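The values are calculated or read from the model by the stated rules, or taken from the named source; none is laboratory data. What you see is a predicted model, and the numbers here were worked out from it, not measured in a lab. So basically every Cβ, Gly included, is an ideal-geometry build from the backbone, and we count neighbours across all protein chains shown.
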Amino acid sequence: MDEQKAAEELRDYPILRELLTDQEKYQALRDQCLRTCKQLDELVRTGSPQVRETAQTTLNAYGHALGFLDEALQARDEVLEQEGELR
């Protein structure tokens, strides 16, 4: 495989692309993540020390992932807005 094709494949994220272009799928994923976060938060408050630690670590990861998706959507919207201004 040539290097350019390999580099292009590494930059192809079909699931992320789908989330950035299909608002319903993005919202469904976000809703599911938020339900999971609520369950994790309950474990952080009521679980054993080991369960609390694991739940908190997982909750932090979900927060970072949701933050990343929000940033990606904001960047997408900014690009689309700029493209609209250029036309």
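Points worth noting:
- Only one of the numbered conditions (1) at pLDDT 95 or above; (2) of a type in the set (F, W, Y); (3) under 15 Å from L73 (Cβ atoms) is violated by Y26, and that is (1).
- The single condition among (1) among the small types (G, A, S); (2) touching a helix residue (DSSP H, G or I) at 6+ places or on another chain (Cβ under 9 Å); (3) within 19 Å of Y13 (Cα to Cα) that A75 does not meet is (2).
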